[in-house]
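Read-outs: derived from the displayed coordinates by stated rules, not from any lab. Fair warning: this is a prediction, and the values are worked out from it, not measured in the lab. Reconstructed Cβ throughout: ideal geometry from the backbone, glycine too, with neighbour counts over all protein chains shown.
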Amino acid sequence: MNQVNRLFSAKVEQYQNLLAEKKAAVGLESSSFKQLLTRQLPQAGPGQASPGLERDELAAPAPVKAEPVHVPQIKLETVLADPDYKGLIRQAATAFDLDPALIQAVIQVESRFKPEAVSRAGAMGLMQLMPATAKSLAVSDPFDPGQNITAGANVLRQHLDRFSDLRLALAAYNAGPGRIGGLAVQDPDDPAEYAKISPAVRDYVAKVLDYYDQYSQDQLGEG
């Protein structure tokens, strides 16, 4: 038994010596290799890439900050008390000497009576006020039905005063007074003159006039 133990101990010592030689050959015992194994990467600061990481190495993606979405708040009491905004339309019509049915028609074509409507161009609310227009008229909330209808009626009145023709005023409401004024349409009853206005704008005017006729027959506020 003693002889067996001596042989086993000799084999163990032989393997230990062999292992030490292998470690020395590959540098496992060197201090630089130990430091490499235990080195920690410096922590990256905000918005910086981690030092030492290549582009194709796996890394946790940076969190994406979602931009807040503006949801216009429509005054509930306004909608409940006047779901068709007839009271607000009458007030604006009186203030700017307009036919209430005309304001109704513009709202129908512009937003289909959706006070939260926003166009691709950025027009807002029932009468689709552009941001610059809303700002020039001191509209603090273009999605508020009262402010929007009042401002829209104001703009429509200005166009009627300038162009003295309902078709041209509506065209200006849709395309802008500068553009329509630049066309210098002298007589909108003349097909050649009226054709100076683009087909899309003329189509808009026709739609408003069609609804205007319908709302006029309905007698706003009755029924």
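What ranking, highest mean first, results for peptides 150-161, 165-176, 205-216 when packing means the other Cβ atoms within 10 Å averaged over each residue?
Values: 150-161: 20.0, 165-176: 21.7, 205-216: 17.0.
Per-residue Cβ counts within 10 Å, averaged per peptide and sorted highest first, yield 165-176, 150-161, 205-216.
Of Ala117, Ile107, Ile180, which is farthest along the charge dipole of region 83-181 in the positive direction, counting Lys and Arg as +1 and Asp and Glu as -1 at C-beta?
Highest projection toward the positive end goes to Ile180.
Treating the beta-carbon of each Lys and Arg as +1 and of each Asp and Glu as -1, no other charges, what is the dipole magnitude of region 76-218 about its Cα centre, to the nearest 20 debye?
Computed charge dipole of region 76-218: roughly 460 debye.
Using the charge dipole of region 76-218 (Lys, Arg: +1 at Cβ; Asp, Glu: -1 at Cβ; taken about the Cα centre), state which of His159, Ser140, Ala195 has its Cα farthest towards the positive end.
The residue sitting farthest along the positive end of the dipole is Ser140.
I need the trypsin sites (Lys or Arg not before Pro) found in region 100-152, filtered to DSSP loop residues with at most 15 other beta carbons within 10 Å of theirs.
Taking region 100-152 and a limit of 15 other Cβ atoms within 10 Å, the loop trypsin sites (Lys or Arg not before Pro) found are Arg112, Arg120.
List, in order, the whole-Hz ³J(HN,Hα) value for each residue of region 158-173 obtained from phi through the Karplus relation with A = 6.51, B = -1.76, C = 1.60 and θ = phi - 60°; use x for Gly and Pro.
Values, residue by residue: 4, 5, 5, 5, 6, 9, 6, 8, 4, 5, 5, 5, 5, 4, 5, 4 Hz.
For region 198-206, just list the computed ³J(HN,Hα) in residue order, Karplus coefficients 6.51, -1.76 and 1.60, θ = phi - 60°, integers in Hz, with x standing in for Gly and Pro.
4, x, 5, 5, 5, 5, 4, 4, 4
Could you run the Karplus curve 6.51 cos²θ - 1.76 cosθ + 1.60 with θ = phi - 60° over region 123-137 and give me ³J(HN,Hα) per residue in whole Hz, x for Gly and Pro?
5, 10, x, 4, 9, 6, 7, 6, x, 5, 5, 4, 5, 5, 9
Multiplying the sequence separation of Gln217 and Ala121 by 0.36 nm and subtracting their Cα-Cα distance, what value in nm do you get?
31.3 nm
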